[in-house]
Amino acid sequence: MKPRIAVIGAGRFGQNHIRIASDSPRVDLVAIVDTDFGRAAEAASAQGCAAYVDAGELAGKVDCAIVAAPTSVHADVGCELLAAGIDVLIEKPIAPTLAEADRLVESAQVHGRILQVGHLERFNPAVLALETIARLPLFFEVHRMSVFSPRSLDIDVVLDLMIHDLDLVLALAHGELEEIRAAGISILSNKVDIANVRLQFNDGCVANLTASRVSIERIRKLRVFQPQQYISLDYAAQSLVAISVDEGREVSFDPIEIVKGEPLQLQFDAFLDSVESRRQPKLDGLAARRTLEVALRILDKIEEHSGIVARTLNSAWKP
C-alpha cells in the first residue's frame, strides 16, 4: 500500500511540492492544507484530494507530509504532525530559532518519526557529483544572486538564500568553524537583503559567501580550491568542471559528466526512501540545526556591523 501524503502550504513553492507529489507513482496525494481555504480548495480540486485549513486535521489520514508553510510556523506545524505519527519533510530553514529547531528534533526522536529538511541544493546533481571529488577544500568562493521577489520576506537573505551554500560548505569543510565575519544591509525590505560572509575553519579553510535578493541577474555559482585542483560548480546549469595540475605542472580541464535531474524530485524520492526504510535522511533535523546555528551567528555579526556603521554615520558622515 502506497503512503498517503499531504502538502501543507499551497503558495508558490508549495505548488511545486504538490506537482511532485501528485506526479509520483510512489505515494497517494490525499490532502492539501492552507490557512487560506480558498487556495487549498482550488489546489485540492485540481488534484482530486481533500482540502483543510488546519494540519491538525490530518491525524490518522496521512502517513507523511511536506511542510511548505512560512518558516515562522514550522515548529508548531511540524511538531503537531510528528506527534500524530506522521513523517515530515519540512522546508528550509528548519525553524527561525534554535529553540524551535530543538523542538522539532526532539519531537521526531520521541515519536520515532522521519524528519527531513529541504536543503534543496544538496540534491542538485552537480552537488552530488562535487561531494564525490571534494577531498580537502581549502577555499570556497560562493555567489547566490536573485532578482527581487516578495516571496520569503519574513526571513533575511541569509536564511532565505545563503543557507543553501552554508549547508554545503559546512558539509564539505573538514575543520571546525572558528571565526565568522559578516556584513549586510536592507534595501527593499525590513530584513537583510544582501550579505557578505567570511568563514574561517581551524584547519585554515576559508569560505567567502555573498547572497543577494536585489540583483538584476540570477547567479548560482560555487568555486572550490583544494590541493592541485580548482572546481567550478554552476547550480543552475547543473555543471561541474575540475581544473587540475599534476606533479609535472601539466594542466587538465575536465568537465565532470552530470546526469541532470530535478533537485526537488530527487529530494522527494530521498524522503520516500527514508519513510520506507526507516533510515535517517541525509539531511535530518540535527544537520539542519547546525546550519541554522551558523546562519543565526552570521545574522548576529551583521547586526554588530550595522551598529558600527550607524555610529560612524551619526558621528562623522556629512553630505
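The values are calculated or read from the model by the stated rules, or taken from the named source; none is laboratory data. Here the structure is a predicted model, which is why all the values come from computation and not from measurement. Heads up, the Cβs are rebuilt from the backbone with ideal geometry, glycines too, and the neighbour counts pull from every protein chain shown. Side chains are part of the model used for accessible areas, which takes the heavy atoms of the whole protein and leaves out ligands, DNA and RNA. Shrake-Rupley method; radii C 1.70, N 1.55, O 1.52, S 1.80 Å.
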Exercise. Long-range amide H contacts for V192: which residues qualify at under 5 Å (H placed 1.01 Å from N, peptide plane, sequence gap of 5 or more or a different chain)?
Worked result: V157
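Arrange the peptides 81-91, 295-305, 155-165, 204-214 so that the one whose residues have, on average, the most other Cβ atoms within 10 Å appears first.
Descending mean neighbour count gives 155-165, 81-91, 204-214, 295-305.
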Exercise. Just the Cα atoms of region 106-148: what Rg and Dmax do they give in Å?
Worked result: 15.9, 41
For this session: Give me the percent of Cα-Cα pairs in region 183-319 that sit more than 24 Å apart, rounded to a whole number.
Result: 57
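Mind checking the full-extension length gain between D36 and E303? Use 0.36 nm per residue of separation minus the Cα-Cα distance, one decimal, nm.
Gain on extension, D36 to E303, equals 92.7 nm.
Test of understanding: express the Cα radius of gyration of region 109-246 as a ratio to 2.2 N^0.38 Å, with N the residue count.
Against the compact-globule rule of thumb, the ratio is 1.11.
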Seminar exercise, completed: Residue by residue through region 18-35, the couplings from Karplus 6.51 cos²θ - 1.76 cosθ + 1.60 with θ = phi - 60°, in Hz, x for Gly and Pro, are 4, 4, 5, 5, 5, 7, 6, x, 8, 9, 10, 6, 10, 7, 10, 10, 7, 5
Exercise. Tell me, what is the per residue accessible area of region 154-310 in Å², probe radius 1.4 Å?
Worked result: 48
Seminar exercise, completed: Given pairs K92/K260; K260/K282; K61/K92; K191/K260 and cut-off 29 Å on Cα-Cα distance, the over-length ones are K191/K260
Exercise. To the nearest 10 Å², what's R39's accessible area with a 1.4 Å probe?
Worked result: 100
Exercise. R0 = 41 Å: FRET efficiency of I185 with E276, Cβ-based, nearest 0.05?
Worked result: 0.35
For this session: Work out the charge dipole of region 1-111 with +1 on the Cβ of Lys and Arg and -1 on the Cβ of Asp and Glu about the Cα centre, then indicate which of A99, P25, A65 is farthest towards its positive end.
Result: P25
For this session: Quick one: which residues, 5 or more positions from G175 or on another chain, have an amide H under 5 Å from its amide H? H modelled 1.01 Å from N in the peptide plane, none for Pro or chain starts.
Result: D203
Seminar exercise, completed: With x for Gly and Pro, the residue-by-residue ³J(HN,Hα) of region 80-94, computed from phi through the Karplus equation 6.51 cos²θ - 1.76 cosθ + 1.60 at θ = phi - 60° and given in whole Hz, is 4, 5, 4, 5, 8, x, 9, 6, 10, 10, 10, 5, 7, x, 4
For this session: Determine the order of T71, T132, T312 by accessible area, beginning with the largest, at a probe radius of 1.4 Å.
Result: T132, T312, T71
Exercise. Full extension from F148 to K61: what is 0.36 nm times the residue separation minus their Cα-Cα distance, to one decimal in nm?
Worked result: 27.5 nm
Seminar exercise, completed: Counting all Cα-Cα pairs in the chain, those more than 34 Å apart amount in percent to 27
For this session: Report P(r) for region 204-252: all Cα-Cα distances, bin width 10 Å, range 0 to the bin holding the largest distance, values in whole percent.
Result: 21, 41, 28, 9, 1
Exercise. Magnitude of the Cβ-charge dipole of the chain, K/R +1 and D/E -1, about the Cα centre, nearest 20 debye?
Worked result: 460
Problem set entry | Karplus-derived HN-Hα couplings along region 280-286 (A = 6.51, B = -1.76, C = 1.60, θ = phi - 60°), whole Hz, x at Gly and Pro | 4, x, 4, 10, 8, x, 5
Exercise. When the accessible area of the chain is computed with all protein chains present and a 1.4 Å probe, what percentage of it is carbon and sulfur?
Worked result: 52
Exercise. Cβ under 11 Å from K92's Cβ, K92 left aside: what net charge do those residues give with Lys, Arg +1 and Asp, Glu -1?
Worked result: -3
For this session: Go ahead and estimate [θ] at 222 nm for the chain from helices alone: -39,500 (n - 2.57) per DSSP H run with n ≥ 4, summed, over the residue count, rounded to 500.
Result: -11500 deg cm²/dmol
Exercise. Any idea how far the Cα center of region 66-125 sits from the one of region 254-319, in Å?
Worked result: 15
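Per residue and in cubic angstrom, what volume does the convex hull of the Cα atoms of region 1-146 have?
Value for region 1-146: 153 Å³ per residue.
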Exercise. Using 0.36 nm per residue, how much length does the chain from I243 to Q200 gain when fully extended, once their Cα-Cα distance is taken away?
Worked result: 13.1 nm
For this session: Could you name the aspartates and glutamates whose alpha carbon sits less than 19 Å from that of K2, not counting residues in the same chain fewer than 8 places away?
Result: D23, D28, D63, D87, D269, D273, E276
Exercise. For the charge dipole of region 215-319, defined by +1 on Lys and Arg C-beta atoms and -1 on Asp and Glu C-beta atoms about the Cα centroid, which residue among L292, N314, L272 has the Cα displaced farthest towards the positive pole?
Worked result: N314
